[in-house]
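S.K.: One structure follows; several queries about it will come next.
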Amino acid sequence: LAVPRVELPGESERRAEAGDLTAHTLEAARFYRAQLKEAPRAIAYLKDRGLTGAIAPQFGIGYAPDAWQPLAAVFDRYDDPSLETDPALETVGLVISGEGGKRYDRFRDRIMFPIHDSRGQVIGFGGRVLGEGEPKYLNSPETPLFSKGRELYGLFLARSAIRDANQVLVVEGYMDVVALAQHGVE
């Protein structure tokens, strides 16, 4: 039996825009994961925090290089003068426009934690600075995809464990969620 779907005005446009935006966050997440493999300092940091190489891919943990525009290697329309720049990169909070419209990456020299929605789509990021620096954690800004007050990091990955255990353990930070999962508390 087909269930009729009533669509509110503008809903299909919002869904299409969200699809375009999540394509950007997914590409950024892939880039950050690949960069972690090339960042011995970031790997050492994670090992010092007690994480194994198996848990990082499970959570999609990555690394944002210590440079101003590393995402330009991923997105053709990042800041190419011959092309119109991609406004979605700013919309999802991956880049910031500075003086004179010059763009730069929001996240630099940080361990990257992709944040997923209830369907498993990457909707934002949390970035933990390596070493000293402020802010210690930098989150994606409020975007059409991501609202910090409405999301719980790791919930998508924990859904089946929550159903099986019939209980939820809520902890404060990204590393707390990852460390617990590594020790069998999913």
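The values are calculated or read from the model by the stated rules, or taken from the named source; none is laboratory data. Computed from a predicted structure; not experimentally measured. A quick note on method: Cβ atoms are made from the backbone with ideal geometry, for glycine too, and the neighbour counts reach across all protein chains shown. For accessibility, only protein heavy atoms count, side chains too; no ligands or nucleic acids. Shrake-Rupley method; radii C 1.70, N 1.55, O 1.52, S 1.80 Å.
S.K.: So for the chain, if I pair up every lysine 8 or more residues apart or on another chain, how many of those pairs have alpha-carbons under 24 Å apart?
M.R.: So the count works out to 4.
S.K.: Still on this model: Using a Gaussian network model on the chain with a 10 Å cutoff between Cα atoms, which of 56, 64, 29 fluctuates the most?
M.R.: Greatest mean-square fluctuation among the candidates belongs to 56.
S.K.: Keeping every protein chain present and rolling a 1.4 Å probe, give me the accessible area per residue for segment 144-186 in Å².
M.R.: 71
S.K.: Still on this structure: What's the ranking of 86-94, 46-54 by average number of surrounding C-beta atoms within 10 Å, highest first?
M.R.: Descending mean neighbour count gives 86-94, 46-54.
S.K.: Of the listed values (1) 13.9; (2) 22.8; (3) 10.2, grab the one calculated as mean projected area of the Cα convex hull in nm² from the structure here.
M.R.: So the calculated entry is the one marked (1).
S.K.: Here's another thing I want to ask about it. Relative contact order (percent) for the chain, with alpha-carbon contacts under 8 angstrom and 6 or more residues of separation?
M.R.: Answer for the chain is 19 percent.
S.K.: Anyone know which of 169, 21, 71 comes out most mobile in the 10 Å Cα GNM of the chain?
M.R.: Largest GNM mean-square fluctuation: 169.
S.K.: Given contacts defined as C-alpha pairs under 8 Å and at least six residues apart, what's the relative contact order of segment 24-78, whole-number percent?
M.R.: Here the relative contact order equals 46 percent.
S.K.: Heavy atoms only, probe 1.4 Å: what % of the accessible area of the chain goes to carbon and sulfur, would you let me know?
M.R.: Carbon and sulfur together cover 53 percent of it.
S.K.: Among 46, 162, 126, which residue has its Cα positioned farthest towards the positive end of the charge dipole of the chain, with +1 placed on the Cβ of Lys and Arg, -1 on the Cβ of Asp and Glu, and the dipole taken about the Cα centre?
M.R.: It is 162, whose Cα lies furthest towards the positive end.
S.K.: Given +1 on the Cβ of Lys and Arg, -1 on the Cβ of Asp and Glu, and no further charges, what dipole in debye does the chain carry about its Cα centre, rounded to the nearest 20?
M.R.: Here the size comes out at about 600 debye.
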